[in-house]
Structures are given as C-alpha cells and as structure tokens.
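Trainee: Could you have a look at this structure, given as structure tokens, before my questions?
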Amino acid sequence: MKTLTNFSYHHVLVLGLAKSGTAAAQLLLDSGVNVRINDLKADKETPEVRELMKQGAEVITGGHPLSVLDQVDYLVKNPGIPYDNPIISEAEKRNIPVVTEVELAGLLHEGPLVAVTGSNGKTTTTTLIHEMIKSDHQKVSLAGNIGHVSCEVARNTGEDETMVTELSSFQLLGTEKFRPDISVWLNLYEAHLDYHHTLENYHQAKAQITANQTPADTLVYNADDENIVKFLPDVKAKLVPFSIHKKGEGAWSDETSIYFENERIMDKQDILLVGEQNLQNILAAVATVKVNGIRNEAIQDVLKTFAGVEHRLQFVTKKNDRLFYNDSKATNILATSYALKSFENPVILLAGGLDRGTEFDSLIPYLNGVKSLVVFGETADLLIETANKAGIQDMVKVETMNEAVQEAYKRSEEEDVILLSPACASWDQYRTFEERGHMFIQAVHKL
C-alpha cells in the first residue's frame with residue numbers, strides 16, 4: 001500500500017476518529033509521521049484504537065484540552081466537526097493547517113481523479129460515473145462520502161486507475177491543494193447552514209472543488225443552475241456544461257434522446273431511472289465519462305439496467321400493478337419536490353419526520369398528482385395542514401412504517417405509485433434515513 005512521500009509535516013493531530021479519522025491516522029503512521037489522536041468518546045480498548053496505539057499513536061480521550069495542539073504542525077479533522085470547535089479555532093490562531101482526509105487522498109492518488117459535489121444527486125451521479133467506466137473495462141475505484149474513505153482507497157490505486165469520489169461541503173472545506181482532473185458540480189441550493197452559518201460560506205465551500213484546477217483540467221457543471229454559473233468567471237479549468245434546457249453544448253437532452261455535443265447517445269425511453277433530477281444526474285455522468293473517453297455502448301449498458309442508488313428514488317418492486325419507490329434520502333422539501341415531479345401516474349405519498357421548524361407550503365405546487373397522503377413523525381400535523389391547503393382530500397396519520405405502507409396500499413389502485421419521500425430527516429423515529437428506507441422495503445415485501 002502507498003504512503004505519503006514528500007510530506008512536509010512531522011507532528012499531526014487527528015481530531016475525531018470514526019472511519020475517516022482511523023484511515024487518516026493509519027496512513028500517517030505508515031508514512032512515518034508522529035500522530036496524536038483526540039476523540040471525545042473513543043474507547044481505548046477497541047481493537048482499532050489499540051492497534052493505532054501499538055503503532056505509536058498518542059490517544060487522548062474524554063475531552064478536548066487545548067494542549068492537544070502542543071508541538072502539532074498539521075491537523076486532520078473529521079468532516080462533521082464544525083470550524084467553531086475550540087480546538088480548530090485555536091489551531092487557526094496558531095496558523096496550523098486544518099484539513100480533512102480528502103486532502104491526504106489528493107496528495108496520494110496518482111491516477112485520474114474525478115470529484116463530484118452538489119446539494120443533491122451526488123451519490124447517484126458518482127455511482128453512474130463509476131459504473132460507466134467499469135462497464136468500459138477500465139480500472140476504476142469508488143471513494144468519498146459514498147462510504148469508502150478516500151485516503152484509504154487512494155492507497156491501493158495505481159497510475160492507470162481512475163478514482164471517482166463523492167465530496168460534501170464539509171469535506172471540501174478542509175482542502176488546500178486538492179486538484180481533481182475532472183470536477184463535477186451538480187447543483188447549488190441552500191443547505192447545511194447550521195454548519196456553515198451563511199449561504200455564502202456554503203457556496204464557497206462547494207467552490208473548493210474547482211479552486212485548484214488549471215486549464216489542463218475539466219469542470220463539468222450544471223448550466224441550468226445560476227448559483228453555479230456565477231462562479232464560472234473565476235474557474236481556470238476547461239468548462240463542459242450539462243443541461244436539460246439548453247441544447248447543443250456538453251451533455252443535453254431533447255424530448256426523445258440524450259446527447260453529448262452533436263452525438264446522440266441513446267433514447268430516453270430506454271433509461272431505467274425516472275425523474276428530472278435523475279436526468280440531470282445522468283447528463284452530468286455522460287459529460288464526465290465522454291471527457292474521459294468512455295464508449296457509448298458502456299454508457300448505454302449502464303443506463304438500461306441501473307435502477308438507482310438505495311434510498312434515492314429507488315425502484316423497489318411492482319406488486320399487483322402498484323409501483324413502489326423508496327426515496328428515504330429525501331430529507332428536505334426540495335428532494336421530495338424532485339421526486340413528485342418524476343411521476344405522471346397518481347401518487348400515494350408517505351411523508352414526515354423530524355420537526356426542524358420548517359414550513360411545507362413550498363411543497364404545495366408539487367402535490368397536484370398526490371391522490372392520498374400518509375403521514376408520520378413529528379411533522380405529521382404540519383403536513384396535513386399543507387395537504388389541506390393543496391386540496392388533497394384523502395389523508396391518514398400513522399405511527400409506524402408498517403402501518404404507513406398498509407394504509408398506502410389500501411388507498412391505491414392499479415398503476416398508482418406508492419412513494420416514500422419524507423421531506424424530513426429521520427431522527428425522530430429512526431437512527432438514519434437508511435434504517436427508515438429499509439423499514440419501508442421490508443413492509444412492502446410483507447404485503
């Protein structure tokens with residue numbers, strides 16, 4: 001496995017373990033760097049921590065004393081730790097660089113690097129790009145926010161292997177020299193303001209994906225997103241757009257087909273994924289792999305068979321001529337709006353979850369095709385109020401996912417879509433949106 005070479009720092013603090021911190025600490029130790037780990041809740045008796053200590057890491061748990069920064073010249077933090085954390089604030093006062101493990105991955109990876117970001121659609125697009133390159137029998141690996149720690153994946157990649165990595169704003173904010181060969185910027189909406197505090201901070205964090213690119217690199221961007229377009233004058237990379245509205249440049253579509261430049265790629269009716277959001281994701285992936293020289297046949301093979309990433313407008317099954325879709329990842333109104341726009345058939349919508357003080361009136365224009373609403377969780381009553389304003393006549397409030405699926409099925413007819421798209425986070429009833437989605441799938445299969 002590869003290690004860091006020409007790394008100019010000697011004493012590194014890893015703040016927060018979890019998967020990314022553990023991988024970063026192991027890489028740094030293997031690279032001959034002195035490593036100190038600070039994690040509030042880490043158990044020194046776990047095998048992972050004991051192994052790091054055995055290899056020479058100093059591990060401090062139970063608190064965050066400022067003394068953990070003594071003699072430190074570099075800090076690798078868990079992406080979820082905010083920048084107003086006292087340790088990070090003090091590190092910045094001491095002019096200690098603060099990065100995430102993505103920065104280490106960029107220093108380590110030697111082959112082509114594709115990085116994908118956006119407020120929505122990252123996982124689907126990253127997966128599509130990976131599958132298209134793989135379908136063309138090229139060496140490719142998958143990394144980043146999709147569940148595979150980037151610096152760990154990069155240790156095993158060669159010069160002839162493309163690494164495709166999904167990156168959040170949290171990860172990108174902790175980069176200094178990170179430079180993808182191809183950056184993919186899907187969209188830019190309001191999100192994570194509890195972390196970034198202002199919309200401008202959030203936008204600037206996303207813009208880090210292209211900050212270090214040169215004219216030898218490429219930025220694939222959403223030409224329909226004005227928030228992204230405003231950053232283009234400062235971009236040095238070659239610009240390749242994708243658009244569902246503008247025709248002729250980059251990746252685009254008309255009523256029947258998708259294209260790259262003047263080349264028709266395939267019929268839209270042969271694509272398994274549904275919805276406008278997924279069409280944007282598809283065009284972004286097509287633009288990326290065409291820049292990378294992937295054959296049309298490989299693109300077509302993937303788009304004809306790819307049913308979606310789990311919990312992201314995922315087709316579950318067809319039962320008694322009802323179509324079931326799991327969109328548990330829809331933790332905000334925007335994502336649910338996209339889901340609802342994806343269907344022409346009548347929809348029975350399952351929604352609700354954590355109450356963050358959000359009003360749901362902006363969802364009303366997208367409820368035209370909803371014939372019945374099944375609600376649950378802390379926001380159930382708020383969603384019922386919104387449905388009343390939208391003129392929906394059939395609503396029911398339930399306690400469990402099993403009840404929700406059963407009530408939805410009772411209200412359905414042949415060709416109806418039964419859609420879990422909660423428009424809310426899951427933490428009032430479930431540990432994760434994945435758990436919520438799995439409960440929905442299990443309930444569907446019990447019918």
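The values are calculated or read from the model by the stated rules, or taken from the named source; none is laboratory data. Owing to the predicted nature of the structure, the values given are computational and were not obtained by experimental measurement. Cβ sites come from the backbone with ideal geometry, for glycine too, and all protein chains shown count toward neighbours. Protein only, heavy atoms only, side chains kept; ligands, DNA and RNA dropped before computing areas. Shrake-Rupley method; radii C 1.70, N 1.55, O 1.52, S 1.80 Å.
Trainee: If you go through the range 237-251, how many residues are under 22 Å from residue 210 (Cα atoms) and either within 25 Å of the chain's Cα centre (by Cα) or in contact (Cβ under 8 Å) with a residue 40 or more places away in the chain (or both)? Outline the logic, then answer.
Mentor: If we filter the range 237-251 for residues that are under 22 Å from residue 210 (Cα atoms), which is where we start, we get 237-243, 249-251.
From the residues that got through so far, the ones that are either within 25 Å of the chain's Cα centre (by Cα) or in contact (Cβ under 8 Å) with a residue 40 or more places away in the chain (or both) too are 237-243, 250-251.
Final tally of qualifying residues: 9.
Trainee: If you don't mind, another one. Restricting attention to helices (runs of 4 or more DSSP H) lying wholly within the range 15-109, give those where 1 or more residues are under 21 Å from residue 148 (Cα atoms) and either of a type in the set (Ser, Thr, Tyr) or open to solvent by less than 10 Å² (accessible area, probe 1.4 Å) (or both).
Mentor: Passing ranges, in order: 18-30, 47-54, 101-108.
Trainee: Ok, one more. Which of the following residues is among the acidic types (Asp, Glu), in a loop (DSSP other than H, G, I, E, B) and surrounded by fewer than 24 Cβ atoms within 10 Å (Cβ to Cβ): 385, 378?
Mentor: Details: 385 fails: in a loop (DSSP other than H, G, I, E, B).
Unique residue meeting the criteria: 378.
Trainee: Out of the residues in the range 362-375 that are in a helix (DSSP H, G or I) and open to solvent by 40 Å² or more (accessible area, probe 1.4 Å), which is farthest from residue 414 (Cα to Cα)? Don't jump to the end; show me each part of the working.
Mentor: Within the range 362-375, the first condition is being in a helix (DSSP H, G or I), and the residues that meet it are 362-366.
Still in the list and also open to solvent by 40 Å² or more (accessible area, probe 1.4 Å): 362, 364-366.
Numbers: 362: 29, 364: 25, 365: 25, 366: 22 Å.
Among them, the one singled out is 362.
Trainee: Look through 337, 328 and report the one residue that is in contact (Cβ under 8 Å) with a residue 12 or more places away in the chain and either acidic (Asp, Glu) or over 21 Å from residue 445 (Cβ atoms) (or both). Explain how you work it out, then say what you get.
Mentor: Values: 328 fails: either acidic (Asp, Glu) or over 21 Å from residue 445 (Cβ atoms) (or both).
None of the others qualify; the one that does is 337.
Trainee: Follow-up question, since we're still on this one. Any residue in the range 262-279 that is under 12 Å from residue 302 (Cα atoms) sitting within a Cβ distance under 7 Å of a residue that is part of a loop (DSSP other than H, G, I, E, B)? List the pairs, counting only those 6 or more apart or interchain.
Mentor: 272/306; 272/307; 273/306; 273/308
Trainee: Which count do you get for residues in the range 322-345 that are at pLDDT 95 or above and open to solvent by 60 Å² or more (accessible area, probe 1.4 Å)?
Mentor: Number of matching residues: 0.
Trainee: Which residue is surrounded by the fewest Cβ atoms within 10 Å (Cβ to Cβ), if the candidates are limited to the range 396-417 and must be of a type in the set (Ser, Thr, Tyr) and either touching a residue at least 40 places away in the same chain (Cβ under 8 Å) or assigned to a strand (DSSP E or B) (or both)?
Mentor: Pass one, the range 396-417, residues of a type in the set (Ser, Thr, Tyr): 400, 409, 412.
Now drop any that are not either touching a residue at least 40 places away in the same chain (Cβ under 8 Å) or assigned to a strand (DSSP E or B) (or both), which leaves 409, 412.
Details: 409: 19, 412: 22.
Residue satisfying both the conditions and the ranking: 409.
Trainee: Another question, if that's okay. For the range 418-447, what are the residues that are open to solvent by 40 Å² or more (accessible area, probe 1.4 Å), in a helix (DSSP H, G or I) and among the aliphatic types (A, V, I, L, M)? Outline the logic, then answer.
Mentor: The initial filter retains those residues of the range 418-447 that are open to solvent by 40 Å² or more (accessible area, probe 1.4 Å), namely 427-429, 431-432, 434-435, 438-439, 442, 445-447.
If we keep only those that are in a helix (DSSP H, G or I) too, we end up with 434-435, 438-439, 442, 445-446.
439 - this is the single residue of the range 418-447 that is open to solvent by 40 Å² or more (accessible area, probe 1.4 Å), in a helix (DSSP H, G or I) and among the aliphatic types (A, V, I, L, M).
Trainee: Let me ask something else about it. Which condition does residue 317 not pass, out of (1) under 21 Å from residue 133 (Cβ atoms); (2) not in a helix (DSSP H, G or I), if it passes all the others?
Mentor: Failing condition for residue 317: (1).
Trainee: Need pairs with beta-carbon distance below 7 Å; first residue more than 30 Å from residue 197 (Cβ to Cβ) and free of Cβ contacts under 8 Å to residues at least 60 places away in the same chain and within the range 148-173, second in a helix (DSSP H, G or I) and among the small types (Gly, Ala, Ser); sequence gap 6+ or separate chains.
Mentor: Between residues of the range 148-173 that are more than 30 Å from residue 197 (Cβ to Cβ) and free of Cβ contacts under 8 Å to residues at least 60 places away in the same chain and residues that are in a helix (DSSP H, G or I) and among the small types (Gly, Ala, Ser), the close pairs are 163/154.
Trainee: I've got another one for you. For the range 394-433, give me the residue count where each residue is touching a strand residue (DSSP E or B) at 6+ places or on another chain (Cβ under 7 Å), under 22 Å from residue 362 (Cα atoms) and polar (S, T, N, Q).
Mentor: 1
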